[in-house]
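Scroll down for the structure; my scribbles are underneath it.
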Amino acid sequence: MGKPRATIERRQLGAELRRLREAAGKQQRDAAAAIECDVSQISRVERGERAFKVLEIEALLDFYDAPEESRTQIGKLAQLARQRQPRRMYSDTLPGAFRRLSDHEQDATELYYSDSELIPGLLQTENYARALIRTARSASAGGEPGDVEARVQFRLDRQELLKRADAPYMWFVIGEAALRRPIGHNEVLREQLVHLLDLIERHEHVVIQVAPLDIVDHPLLGGPLQILRFGGIAPDIVQQPTFIGAGVYLVDEEDIAECSRAFDRLKAVALGPEESRTYITKRLEELDDEL
């Protein structure tokens, strides 16, 4: 018997319901009493292992005094969670997509991330993130300063995952271009490179490799990619960010296996972890000469 399908939607629905319950100051036993079910059923729904019926969800939303915006969002997620037709991919276009991505990262036991052009969000300094987000917002809708700062703070909050005692094993392959592109200005890039070296030094569960520009037949060109594994508790997923949202999730086992093979090939042709540390150090020295 294969792994259950479409559990990513159930996990997202469960995470949203858990967030609303906690915001309302309720315990799982309170929610169970409100809809007359076992506490185990509330726990299973919040873990994404099953989905409630529409009336049960509406009763929970009433009990949590959920705002109308959350009710609409939960309703759409619940509809997705009840779908029985397996899909090869899932695009999260609802509000709160980045928060749900963070939920998946928090639940993962292993994270594998490739980005040829930019420093991955989990590794970004505050100044690098601010410069990047400000540029992206200016190029699209021209967000307000407060919106930029809220996004920066969310990214920093997301990075608390790195410090957790049970943090997932994280493997990043960063393109040489990302280490040369002066996001903001060279001082910001210098600070970012120092931060990468500090992360390598302080966190044994974080591995960073550099993929040089002269790699022949780079197996993962075309955009960033993240593989999330959950230790067998839930099916693995692959997430690919898009310019305007948290991106697309691949949930088909064959697609995930192909992405994993491509990531393994990239690890093999990239600089090794020690070589990568040396490369980042030399790049830092180059920046010091330029400044």
Item to check | Residue check for Leu111: aliphatic (A, V, I, L, M), assigned to a helix (DSSP H, G or I), within 15 Å of the chain's Cα centre (by Cα) and modelled with pLDDT of 95 or more | outcome: no
Next on the checklist: Out of the residues in the stretch 250-291 meeting the condition of being touching a helix residue (DSSP H, G or I) at 6+ places or on another chain (Cβ under 9 Å) and small (Gly, Ala, Ser), tell me which one is nearest to Glu204 (Cα to Cα).
Outcome noted: Ser276
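Only one of Gly184, Gly146 is modelled with pLDDT under 95, assigned by TED's automatic domain parsing to the domain that holds Leu101, exposed (fewer than 14 other Cβ atoms within 10 Å of the Cβ) and not aromatic (Phe, Trp, Tyr). Can you tell me which?
Gly146 is the lone residue from the list that is modelled with pLDDT under 95, assigned by TED's automatic domain parsing to the domain that holds Leu101, exposed (fewer than 14 other Cβ atoms within 10 Å of the Cβ) and not aromatic (Phe, Trp, Tyr).
Residues that are free of Cβ contacts under 8 Å to residues at least 60 places away in the same chain and either within 15 Å of Lys26 (Cβ to Cβ) or of a type in the set (Ser, Thr, Tyr) (or both): list the helices (runs of 4 or more DSSP H) wholly contained in the stretch 39-87 that include at least 3 such residues.
By residue number, 39-46, 54-63.
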Item to check | Whichever residue in the stretch 236-251 is more than 15 Å from Leu94 (Cα to Cα) and buried (at least 19 other Cβ atoms within 10 Å of the Cβ) and, among such residues, is modelled with the lowest pLDDT | outcome: Val251
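The values are calculated or read from the model by the stated rules, or taken from the named source; none is laboratory data. This structure is a prediction, so every number in the text was calculated from the model and none was measured. Cβ atoms come from the backbone with ideal geometry, glycine included; neighbour counts cover every protein chain shown.
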